[in-house]
Structures are given as C-alpha cells and as structure tokens.
Amino acid sequence: MTPGVGEPFPGVATAAGRPGARPGPGLVEAVRAVAAGEVSSRELVRLALDRIAAASENAVVTVAAERALGEAARRDEDLMADGPVGPLHGVPFTVKDAIATAGIRSTAGAPELGTHVPAEEAPAVRLLRAAGAVLVGKTNCSPWSSDLETRNPVFGVTRNPWDPARTPGGSSGGSAAAIATGLSAFDLGTDIGGSVRIPPAFCGVFGLKPTYGLVPAGGYLDTPAGAADPGPEMNVFGPIGHSAADLGVVLDVLAAPSGGDEAAWSVALPRARPDIPRGLRVAVLDEHPVTTTDPAVVAAVGRVTDRLADAGAIVSRPAPPVPLDEIFAGFGTTLRAQTVLSHPDAAPLPVRDLVASQRERARQRAAWAEWFTRVDVLLCPAVPTLAFPHDGRGRFRDRMIHCSDGVDRPGLVLTSWTGLASSLYLPALVFPAEVHRGLPVGVQLVGPRFAEHTLVALAEVCTR
C-alpha cells in the first residue's frame with residue numbers, strides 16, 4: 001500500500017473522493033499494511049499530520065505531532081523486535097475534544113476549559129492506545145457537546161467537507177469531518193442524543209452508538225470543573241470510521257468493564273450470523289409522529305429496504321411496541337434535566353417529573369426488549385434532514401432550523417430518530433446510503449442490546 005492511497009466506501013461517492021480531496025486508507029486496511037511491513041506507523045502518522053495541516057474544514061483543532069511521531073516510532077520498533085502488537089497497532093486516530101486526553105489540551109469547546117490539559121486520560125482512550133493506536137489530535141465539537149452544529153468560541157466553525165456552507169452536524173462534527181476527509185483512521189466521539197450518528201449522516205461516513213454502559217464513559221468533559229465520571233445519563237462513547245468493518249474492530253477494543261468492575265466481569269459480544277442478511281427479520285419505520293422526514297431520506301430508506309429484501313432478508317413494517325412520540329417525550333425530559341450541568345442558568349426539572357420519566361423509560365425499554373425477540377434489526381432514518389446551512393443562532397433546542405427540504409423544524413425534533421436508541425439504551429449504527437443533490441444521505445440500523453456486530457455485518461452488506 002502506498003501512503004495516501006485508499007478506498008472510499010463502496011458504491012457511494014464520498015467527500016474524500018471528490019476533486020482535490022485526500023482519500024485515506026480505512027482502519028482494517030491500515031492495520032493489515034502495518035503488520036505486513038508495507039507501510040510504517042511513522043509514515044501513516046506523518047501522512048495524517050500532513051493532511052491535518054493542509055485541511056480547510058477546521059476539523060482537527062489540537063495536534064499532538066511530536067508525541068504522535070514518538071509513539072509511532074515505538075510502534076515500529078515493537079514490530080521489528082517481534083514485540084507486542086495490538087489490533088490497532090500503529091494506526092493514527094483522533095479523539096473528540098469533549099474527551100479527556102492526558103497531556104493534550106481538552107476543552108469541550110468551552111471557554112471555561114480553553115487552557116485545560118487533563119492529567120488523567122479517559123479509560124476509552126487508554127484502551128485504544130493500549131491496542132496500539134496512535135493519537136494524533138483532537139477534533140472540534142460544539143460547546144459542552146450541546147448542539148447539532150459544530151462551532152464554539154475556542155476554535156470557531158467546522159465546515160462540512162461536501163459543502164463548506166453547511167454544517168457537518170454536531171456535536172461530534174469535527175470527528176465526522178475528519179474521517180470524511182481522511183485525516184485519521186478513525187475517531188472516538190460521544191453520543192447522548194445522536195452525536196456519533198448525526199454528523200456521520202451529514203458527512204457520508206459511518207458511526208456507531210454502542211449499547212449504553214458497554215464502553216467506559218469516564219473522562220467526558222461536561223462541566224466547568226472538568227471530567228464527569230461516569231458521565232451523564234444516556235451518554236456513550238463510540239467510533240466514527242471509514243467503513244462498518246472499521247467500527248467493529250474499534251468496538252471490540254472499546255467494549256470493556258469500567259471503574260472497579262474489572263475484577264467481576266468481562267465482555268464477550270455476540271458475533272453476527274455468517275449468512276446475513278438471509279433470513280434476518282428487518283423491521284422498517286420511516287414515519288415519525290413528531291415531525292416529517294425529508295423525502296430524500298425516506299426514499300433512501302426505501303431503496304435500502306428493497307436491497308435487503310432482494311438479498312433474502314424478511315422485511316416487515318410492524319407497529320412499534322411503544323409509540324415513537326412517547327419515547328421522544330421521555331428522551332426530551334432526560335435531555336432537559338441534563339442541561340443544568342453545563343448551563344447553570346437553565347431551569348431545573350422537578351424531581352418528581354424526572355423520576356416519573358425514568359420509570360416510564362424503563363417500561364419502554366422492557367417493551368422494546370420483548371419486541372426484539374420477534375425482530376432482529378430496525379431500519380429507519382438517521383435524521384429528518386440532510387446537512388443544513390450553518391446557523392449559529394444559539395442552542396438547537398431553542399430555535400427553528402431551516403432543513404434540506406425547505407421545511408423549518410424545531411431543533412429538538414432533529415434528534416427524533418436518533419433519540420429512539422438513546423432513550424432505550426440500544427445500539428445503533430448510521431451508514432451512508434446514497435448521495436442526493438451533492439449531499440450524503442445516512443440511514444440508521446437499531447438492534448437489541450449487544451447486537452452491535454449484527455448491525456456492523458448488515459451495514460457491510462448495505463454498502464457493498
């Protein structure tokens with residue numbers, strides 16, 4: 001493999017495949033090439049650093065060049081000496097700026113943390129580095145990870161690689177933009193209401209929200225005091241990558257006990273059936289009671305549905321076990337309760353309302369767990385809109401957003417489809433289905449708890 005040459009995801013044009021762009025190798029190919037001695041870790045890291053320096057999207061906002069090159073040199077020495085080699089050996093990766101990285105500035109996009117350099121590293125970052133990955137920099141995010149755009153007073157605006165006049169989404173917009181332009185092999189983001197799914201949908205890449213609690217979420221920056229541990233309700237850490245297979249590799253590294261649980265349990269995720277999608281029971285939902293969805297998104301879901309049916313999946317359109325508007329109401333209540341952490345001026349939610357909402361959400365999770373004994377995977381939109389123009393008029397929950405189909409929607413309803421998996425603690429994967437008028441269209445797969453590898457395998461089928 002020659003550094004700088006890579007494959008975009010099959011079947012769909014990508015930002016990295018557009019004129020003048022910088023396509024890069026995916027994680028699986030990069031790991032294989034390093035292990036085979038076809039390219040060194042130092043060459044891959046230098047390639048990533050050169051691309052970051054030349055990029056115009058403002059995706060990677062803090063660079064750890066000297067440290068990364070030093071780590072890459074040690075990875076190469078380990079390989080030559082037949083030393084320890086992990087599943088991510090020698091590949092460059094980036095981390096959302098809302099995640100603590102020891103010795104590297106970590107701001108959460110907030111002026112209060114503008115010079116913050118953590119002494120402790122998030123456990124998830126430690127897992128990735130222990131597996132051999134080399135951290136090259138931090139990616140931009142909205143302040144306190146609380147918007148669907150990526151702009152903040154510390155680093156400014158991140159632009160969508162497909163159209164610089166549009167947002168890459170948020171809050172992990174820098175993460176998705178970095179992957180779409182080949183700046184690293186993968187990125188580690190965070191997701192409460194869709195932050196590792198909405199940006200990939202807008203930028204034409206892949207994002208995975210794991211089952212709640214599966215990946216250690218310590219080291220999340222959401223308060224002026226620094227890192228929260230274990231972080232807010234519904235929050236998960238998840239990978240953004242060049243392919244579904246890349247997400248699966250990173251997930252296997254990230255899935256681990258956290259805190260003091262290491263002595264009591266370990267993780268063994270179920271693997272996908274080898275014959276996917278033949279016989280897989282796929283439920284399809286493409287209408288949401290709280291908002292309309294851009295017809296381009298609905299059409300993309302329909303075409304993916306047809307491909308799966310042709311490949312042997314058993315496709316149906318059953319009613320959801322709990323109405324989607326009821327799930328969205330509980331999701332919104334929890335989201336409002338958490339706003340107080342990073343926005344002290346926000347009105348607190350009465351305790352009785354929060355407790356009632358949590359009990360209702362527990363009932364909903366039980367109903368959906370039973371539903372998933374009769375359904376293997378849910379296929380649905382990722383976002384009701386394609387990437388929309390930069391707005392910047394305040395938090396998305398407080399404003400109307402002019403969407404890709406010309407409809408003005410309340411900002412909160414743009415999380416209507418992603419909030420489903422968040423509120424129910426379920427794994428969800430967003431992949432690029434097609435391109436519409438020059439913008440990528442992402443769709444979403446949702447599964448029962450711990451079905452991540454089934455989602456990965458199905459997304460691979462859908463993007464072949």
Residue-span extension gain [residue 264 to residue 115] - 0.36 nm each, minus C-alpha spacing: 49.9 nm
Using only alpha carbon pairs under 8 Å that are at least six residues apart, calculate the relative contact order of region 106-261 and give it in whole percent. 22
What's the magnitude of the charge dipole for region 284-402 around its Cα centre, counting Lys and Arg as +1 and Asp and Glu as -1 at the beta-carbon? Answer in Debye, nearest 20. 340
By average C-beta atoms within 10 angstrom, highest first, the peptides 271-284, 199-212: 199-212, 271-284
Please state the equivalent ellipsoid semi-axes for the chain: what are the square roots of 5 times the Cα gyration tensor eigenvalues, largest first, in whole Å? 30, 25, 22
Carbon and sulfur %, accessible surface of the chain computed with the full protein complex present, 1.4 Å: 55
Given the Cα-Cα distance of residue 399 and residue 311 and 0.36 nm per residue of separation, how much length would full extension add, in nm? 27.5 nm
Here the gain from full extension of residue 325 to residue 287, 0.36 nm per residue of separation minus their alpha-carbon distance, amounts to 12.6 nm
Principal axis dimensions, region 370-461 - Cα atoms, whole angstrom, descending: 42, 28, 17
How much accessible area per residue does the chain have, in Å², with a 1.4 Å probe? 36
Could you grab the relative contact order for the chain? Cα pairs under 8 Å, six or more apart, rounded to a whole percent. 16
Which of 184, 130, 95, positive extreme of dipole for region 81-207 (C-beta unit charges): 184
Tell me which trypsin sites (Lys or Arg not before Pro) from region 343-403 have a DSSP coil assignment and no more than 12 other beta carbons within 10 Å of their own. 374, 393
If you place +1 on the Cβ of every Lys and Arg, -1 on the Cβ of every Asp and Glu, and leave all else neutral, what size is the dipole of region 135-214 about its Cα centre, to the nearest 20 Debye? 40
Quick calc, the chain, dipole around Cα centre from Cβ unit charges on Lys, Arg (+) and Asp, Glu (-), nearest 20 debye, gives 480
Any residue on another chain or 5+ positions along whose placed amide H is under 5 Å from the amide H of residue 169 is listed here as 150
Ordering of 243-255, 28-40 by packing [mean C-beta count within 10 Å, highest first]: 243-255, 28-40
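The values are calculated or read from the model by the stated rules, or taken from the named source; none is laboratory data. Quick caveat: nothing in here was measured; it's all calculated off a predicted structure. Using ideal geometry, Cβ is built from the backbone for each residue, glycine included, and neighbour counts are taken over all protein chains shown. Each accessible area value is taken on the protein alone, full model and side chains, heavy atoms only, with ligands, DNA and RNA left out. Shrake-Rupley method; radii C 1.70, N 1.55, O 1.52, S 1.80 Å.
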